[in-house]
Amino acid sequence: MTLRILPRAAALALCLLAAACASGGARPSSDAISRLEAERVKSPNSAAALRALGIAYYQAQRYPEAREMLIAADQALPNDGATSLFRGLTAEAMNDLDGARDAYTKYLAVGTSKGTKQQIRDRLAIVQRRELESTAKSAVSRENELSRVPGPANTIAVPPLKFTGSDTNLVPLERGIAELLITDLARSSQLTVLERERMQSLLDEVARGQSDRVDETTKVRAGKILQAGRIVQGGILQTGPERIQLTTNVVIVSTSQTTGSASDDDNLEQVFALEKKIVFQLFTNLGITLTPEERKLIDDAKPTRNLKAFLAYSRGLQAEDRGDFSGASRFFDDARGLDPGFNAAGIRAAGAASAAAGANVTAASVQASTSGSREGNAVRAAQQGSLSISAGGATQVANDVNASQAANSASNGQTLSGGVPGGQSTTSGAGGPAVTGVTASTPPTPSLTQSGTITFIIRPPE
């Protein structure tokens, strides 16, 4: 494409091009929606029509109608990025967190915008946390029903331990040591150990109903709601400036009866060896006989040998539980800095950083991030009340003069996947899902290349 512009008109032409390239952030007009509704009536099975109308309904905050259209579009064209993205945005707007997670996860597989994918990865961390909170709230509301059904004896929950001592810097060990116990107990194939985050979310929800107070009775109550058969309660007692004692009790949730205790003490620097002594006693109290392989795996598994790194990691867990993701990320980074081999700290740091960024992700920022991508083209088309994938700017002008293959197909109501005419498909290999058009990571290569010359002549006033 060649652009010839008279010198004195250059600034005005650039303004026109900038306007053409700007991403559409405004809601579609009622006329635009009416045109898309007419297109849908004309071609009820057109994925392009269903997708465009779903996007327009979403932007008009007509969420139930948007969901209906986008689900139909997804069925017609299962691997379209724009459809998955707006299905996720619509589900989240309707507080359907499970649906949002599924749609966002699918977008990460089929979407084309790198910037949008990063925002969705970050947002997923928040969606998953909100799911835990929602599940906990629902479970507490069904407490009477859930509590009547005893949990299996081999389902174990480990709430945070209780620290007692003068050195408040050691308080975060309540969560750090509990996580070590959870990880080691889960190495037995005979036990099902509930996730730490799930237990913490329920404890938080129960505590909200009793002035934020968490005691041993609260922990048993939480275990009952989670339908754990037994819980491991414990405490950390500081017995000297550099010495601690660990104590744990196995409690039958249905009766609140204690069936076994484990206790030992050592220097603070030996906290990892001390935890191993306690966990092996716990297996005995739980009636579990470990295989030689499981015993060796537990004995050898030490996420770090650096006490300062572990304390920083435990502070990260504490910050994460109170929703301070930025602080949690810094603590986890500190732990990794103190021990570069502390892989769990690196994983947690990345997750907390995503959650911190995800808290600032909005529907508007997600849509803005699609600019220049196939998803962005679909958004602009929907705002204009068109099925055409509008590339914007000079490319759009070129299509108006010498329409591309993809644009012609779209305007004819054919199924589209990111601007590729329907009817083409590839597979990801044996057992893999079929992908319409092209893979998400590789831009399509047009089968037909067309070119044209555009001449802008803008005359100055006489």
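Listed values, structure above:
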{"quantity": "Selected residue (only one of Leu170, Leu97, Leu89 is in contact with a strand residue (DSSP E or B) (Cβ under 7 Å, 6 or more places away or on another chain) and among the aliphatic types (A, V, I, L, M))", "calculated": "Leu170"}
{"quantity": "Of the criteria (1) more than 23 Å from Val127 (Cβ to Cβ); (2) in contact with a Phe, Trp or Tyr (Cβ under 7 Å, 6 or more places away or on another chain); (3) touching a residue at least 40 places away in the same chain (Cβ under 8 Å); (4) part of a helix (DSSP H, G or I), which one Arg336 fails", "calculated": "(3)"}
{"quantity": "All positions within the range 299-310 that are within 20 Å of Lys277 (Cα to Cα) and crowded, with 20+ Cβ neighbours inside 10 Å", "calculated": "Pro303, Thr304, Phe310"}
{"quantity": "Among the candidates Arg175, Arg101, residue that is under 30 Å from Val279 (Cβ atoms), buried (at least 17 other Cβ atoms within 10 Å of the Cβ) and touching a residue at least 12 places away in the same chain (Cβ under 8 Å)", "calculated": "Arg175"}
{"quantity": "Output for the range 263-292, where each listed residue is among the aliphatic types (A, V, I, L, M) and within 22 Å of Val251 (Cβ to Cβ)", "calculated": "Leu274, Ile278, Val279, Leu282, Leu286, Ile288, Leu290"}
{"quantity": "Test for Gly165: is it modelled with pLDDT of 95 or more and more than 25 Å from the chain's Cα centre (by Cα)", "calculated": "yes"}
{"quantity": "Some residue of the range 311-326 being modelled with pLDDT of 95 or more, in a helix (DSSP H, G or I), more than 21 Å from Val158 (Cβ to Cβ) and aromatic (Phe, Trp, Tyr)", "calculated": "yes"}
{"quantity": "Filter result for Lys224 (touching a Pro at 6+ places or on another chain (Cβ under 6 Å), touching a residue at least 40 places away in the same chain (Cβ under 8 Å) and outside any loop (DSSP other than H, G, I, E, B))", "calculated": "no"}
{"quantity": "Any pair with Cβ under 8 angstrom, 6 or more apart, that starts in the range 21-40 at a residue that is surrounded by fewer than 19 Cβ atoms within 10 Å (Cβ to Cβ) and among the polar types (S, T, N, Q) and ends at one that is in a loop (DSSP other than H, G, I, E, B) and modelled with pLDDT under 80", "calculated": "Ser23/Gly392"}
{"quantity": "Identity of the residue in the range 203-247, among the polar types (S, T, N, Q) and within 21 Å of Asp167 (Cβ to Cβ), that ends up surrounded by the fewest Cβ atoms within 10 Å (Cβ to Cβ)", "calculated": "Thr239"}
{"quantity": "Among (1) surrounded by fewer than 16 Cβ atoms within 10 Å (Cβ to Cβ); (2) part of a loop (DSSP other than H, G, I, E, B); (3) at pLDDT 90 or above, the one test that Ser263 misses", "calculated": "(2)"}
{"quantity": "Test set (1) in contact with a Phe, Trp or Tyr (Cβ under 6 Å, 6 or more places away or on another chain); (2) surrounded by fewer than 24 Cβ atoms within 10 Å (Cβ to Cβ) - Phe86 fails condition number", "calculated": "(2)"}
{"quantity": "Number of positions in the range 284-301 that are over 35 Å from the mean Cα position of the chain (by Cα), more than 15 Å from Ile156 (Cβ to Cβ) and part of a helix (DSSP H, G or I)", "calculated": "1"}
{"quantity": "Contacts under 6 angstrom Cβ, first residue in the range 266-281 being under 18 Å from Val158 (Cα atoms), partner of a type in the set (Gly, Ala, Ser), 6 or more apart", "calculated": "Ile278/Ala262; Gln281/Ala262"}
{"quantity": "Residues of the range 58-79 satisfying the condition of being assigned to a helix (DSSP H, G or I), surrounded by fewer than 22 Cβ atoms within 10 Å (Cβ to Cβ) and more than 22 Å from the chain's Cα centre (by Cα)", "calculated": "Pro64, Glu65, Glu68, Ala72, Gln75, Ala76"}
{"quantity": "Tally, over the range 124-159, of residues that are under 19 Å from Leu191 (Cβ atoms) and outside any strand (DSSP E or B)", "calculated": "7"}
{"quantity": "Failed condition for Thr183, given (1) under 26 Å from Ala345 (Cα atoms); (2) in contact with a Phe, Trp or Tyr (Cβ under 7 Å, 6 or more places away or on another chain)", "calculated": "(2)"}
{"quantity": "Tally of residues being under 26 Å from the mean Cα position of the chain (by Cα) and either assigned by TED's automatic domain parsing to the domain that holds Gln200 or free of Cβ contacts under 8 Å to residues at least 60 places away in the same chain (or both) across the range 304-322", "calculated": "5"}
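The values are calculated or read from the model by the stated rules, or taken from the named source; none is laboratory data. In this text the structure is predicted, and so the values were computed from the model without any measurement. As a convention, Cβ positions derive from the backbone with ideal geometry for all residues, glycine included, and neighbour counts pool all protein chains shown.
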